[in-house]
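This report refers to the structure that appears directly beneath it.
Derivation of every value follows stated rules applied to the coordinates shown; laboratory data play no part. All figures in this text were calculated on a predicted structure; none of them were measured in a lab. When we count neighbours, we look across all protein chains shown, and the Cβ atoms used for this are built from the backbone with ideal geometry, even at glycine.
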Amino acid sequence: MQQLPPQPAYILHSRPFRDSSLILELLTPDFGRIACIAKGARRDKQRRQSALQPFSPLLVTLLGRHDLKTLGPLESAGQPAWLKGRAVYAGLYANELLVRLLPEGEGFLAIFAGYQQLLGALAGASGDHSAELELPLRMFELNVLRSLGSCPDLAYSPRDHGAVRADAVYRLTAEDGFVPVVVPAGQALRSADFSGAHLLTLSQLLNSAGEGESSPPPDVLAAAKRLTRQLLQPLLGNRPLKSRELFRQVYSEG
């Protein structure tokens, strides 16, 4: 039986398989999203199933020649990220997003590193203060979108001599990315319109991976959320995210 080199991994999703096993969706640096069978995991609850928890860094060995691998020996690769309050739902959202968006078997080192950074930020959140989660979540989404080739350059406009200007307004288009538009004074921006200053701030944050940066003003974070929702919608389609619906049920928020 073919054996892949040991891989760092996180569990994104698990579901029952037959009488005693689980099918796991893993995130790895070299193979991206990859599925495997954890044989007997539901039977061996004390030893094996306790290790197969989300947000826990693992070192896994995968066996088999087919797309659906078999999970071999595994060990802990560090302390789990202990998430609480709204951070739990943010982590579940990130996991579901990766399961829905990532092609199977294609490695994305930047996404794996960004996921680790997100878990660190979520674990450091103090509980039920959603403002603490906004910046790491938006940076994670933008990193995923950029890695998949689905996020235009936030500092570039093909119709405005290349560089986005802080004093201009840009409209997000499917064909050309951000194109300059004229918005009459006093008129509110459309949902697809973005301040150049906001785009430049987000570009700087994304390129620095948000490290060492204080949280930007609320209007920048609001623009980032509006932007990522618009970029994600064509990729996710009309099927709602279960994690988002669960969050709304628990916190009664839209």
Per DSSP, the loop-located trypsin sites (Lys or Arg not before Pro) within segment 1-74 having at most 15 other beta carbons within 10 Å are ARG18, ARG43, LYS45, ARG47, ARG65
With the 8 Å Cα cutoff and a minimum separation of six or more residues, the chain has a relative contact order in percent of 15
Checking rank on 163-175, 105-117, 195-207, with mean other Cβ inside 10 Å and highest first, the result is 195-207, 105-117, 163-175
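Based on the Cβ-Cβ distance from ASN238 to VAL99, what FRET efficiency comes out when R0 is 30 Å, to the nearest 0.05? Working shown, then result.
Working: r = 17 Å, r/R0 = 0.57.
Computed FRET efficiency for ASN238 and VAL99 comes out at 0.95.
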Length gained, ALA51-ARG229, 0.36 nm per residue minus C-alpha separation, equals 60.7 nm
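Expressed in nm to one decimal, what extension gain is obtained for the pair LEU148 and ASP67 from 0.36 nm per residue of sequence separation less their Cα-Cα distance?
On the way: separation 81, 0.36 × 81 = 29.16 nm, distance 2.12 nm.
Full extension from LEU148 to ASP67 adds 27.0 nm.
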Two pseudo-spin positions, 7 Å from Cα along C-beta at VAL183 and at GLU106, lie apart in nanometres by 3.4
Which residues qualify? For GLY32, with a placed amide H closer than 5 Å and at least 5 residues away or on another chain, they are GLY107, PHE108
Taking a ≥ b ≥ c as the square roots of the eigenvalues of the Cα gyration tensor, with a/c under 1.5 meaning rounded and otherwise prolate when a/b exceeds b/c and oblate if not, segment 1-120 is oblate
Ranked by GNM mean-square fluctuation in the chain (Cα springs under 10 Å), the top entry among SER157, SER208, SER14 is SER208
Taking a label point 7 Å from the Cα of ASN207 along Cα-to-Cβ, the residues of segment 160-183 whose backbone nitrogen sits under 17 Å from it are 161-167, 178
